[in-house]
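Data first, discussion second: the structure below is written as structure tokens.
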Amino acid sequence: DDVSGQGGVLHILAEAALWSGRPDEALQRVAAYARFDGSEYPTSYLVDVVAGWAAVDAEVPIPPRIAFMEPSGMLIGAAHERVGIERLVAGDLDAAATAFDEAAGAYVGYHRRGALRARWAAAETRRRSGLTDEARVALESVEVDAAAQGFAPLLGRVRRSLRLLGVRRSMSGAASV
């Protein structure tokens, strides 16, 4: 019933909606979090990331940031990731890839899913930039790690990125990675 617990629940519901392929619902949950006024809580950086990816998936403008304090720990990764999302949407692919690389590095040791997601985002951004060889190597590495960690929703995105590069796998090969 406390304020921190309520914010945590709103964040998890938003993230669950995003990774379940329901970005519009995720954005509704983010809006509920914003109305809840959780900006003083660390979770707000993670909610900003969910808001960014949900907006990208829904092809709508990214909601304003909720977080306002100085990030620390894994939240540094979330702050970099949100910058990467904003740069990606703005079409500044070099800056987006750099921000995603910074996010991945900042997440290490704190947030495995965040690090994997940021690594995918950096590779996907490089794919969009035409750096196909670099993107393929990075995506194949993320694919192996996401499969090993059981992060199926991200694995789907990674494999879509690989397909867009022309990488094809048999069903048995895809299942074994």
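The values are calculated or read from the model by the stated rules, or taken from the named source; none is laboratory data. All figures in this text were calculated on a predicted structure; none of them were measured in a lab. Cβ atoms come from the backbone with ideal geometry, glycine included; neighbour counts cover every protein chain shown. To get the accessible areas, we keep the full protein, side chains included, count just its heavy atoms, and leave off ligands, DNA and RNA. Shrake-Rupley method; radii C 1.70, N 1.55, O 1.52, S 1.80 Å.
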In this structure, does THR98 turn out to be in contact with a Phe, Trp or Tyr (Cβ under 8 Å, 6 or more places away or on another chain), among the hydroxyl-bearing types (Ser, Thr, Tyr) and either open to solvent by less than 20 Å² (accessible area, probe 1.4 Å) or farther than 23 Å from GLN28 by Cβ (or both)? no
Go through region 40-60 and give me each residue that's open to solvent by less than 10 Å² (accessible area, probe 1.4 Å) and more than 14 Å from ALA16 (Cα to Cα). SER44, ASP48, GLY52, ALA55
Can you report the number of residues in region 65-95 which are at pLDDT below 95 and surrounded by fewer than 16 Cβ atoms within 10 Å (Cβ to Cβ)? 5
Residue that is nearest to LEU18 (Cα to Cα) [pool: residues in region 109-149 that are at pLDDT below 95 and open to solvent by 60 Å² or more (accessible area, probe 1.4 Å)]: ARG113
All but one of (1) in a loop (DSSP other than H, G, I, E, B); (2) under 15 Å from the mean Cα position of the chain (by Cα) hold for ALA67; state the number of the condition that does not hold. (2)
